[in-house]
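Some notes on the structure that comes next.
The values are calculated or read from the model by the stated rules, or taken from the named source; none is laboratory data. Worth saying up front: this structure is predicted, and the values here are computed from it rather than measured. A quick note on method: Cβ atoms are made from the backbone with ideal geometry, for glycine too, and the neighbour counts reach across all protein chains shown.
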């Protein structure tokens, strides 16, 4: 595993399915957090998950123009319940 830029992977995944999205009349709206830290993960596996999410969401939409919003952000672990916080080590997370 290596440091991975999730925002870049979102853009790469969208590029790979642009033709399919366009033919399904789906417009992708990206709300990507520019301050999102790199994460340690398999970039190929994360990209495959993103591709599956984009395609599954597209197939689930009615056959007319729609927007698909893809958002990246850092979760606020302080706002979660104490039991949730205890299950995570301290440090930055991508959400």
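If I ask for residues that are free of Cβ contacts under 8 Å to residues at least 12 places away in the same chain and either under 14 Å from residue 72 (Cα atoms) or assigned to a strand (DSSP E or B) (or both), which ones from region 1-48 would you list?
Initially, region 1-48 is screened for residues free of Cβ contacts under 8 Å to residues at least 12 places away in the same chain, giving 8, 15, 18-19, 22-23, 44-45, 48.
Answer for region 1-48, where residues must be free of Cβ contacts under 8 Å to residues at least 12 places away in the same chain and either under 14 Å from residue 72 (Cα atoms) or assigned to a strand (DSSP E or B) (or both): just 8.
Out of 50, 32, 55, which single residue is surrounded by 12 or more Cβ atoms within 10 Å (Cβ to Cβ) and at pLDDT below 95?
55
Among the residues of region 54-77, which ones are touching a strand residue (DSSP E or B) at 6+ places or on another chain (Cβ under 8 Å) and either closer than 14 Å to residue 12 by Cβ or part of a helix (DSSP H, G or I) (or both)?
54, 57, 58, 70, 72
If I filter region 59-95 down to residues being modelled with pLDDT under 90 and within 15 Å of the chain's Cα centre (by Cα), which single residue comes out as nearest to residue 35 (Cα to Cα)?
74
Only residues that are closer than 13 Å to residue 50 by Cα and loosely packed, with under 11 Cβ neighbours inside 10 Å: list them for region 1-17, please.
Hit for region 1-17 is 15, nothing else.
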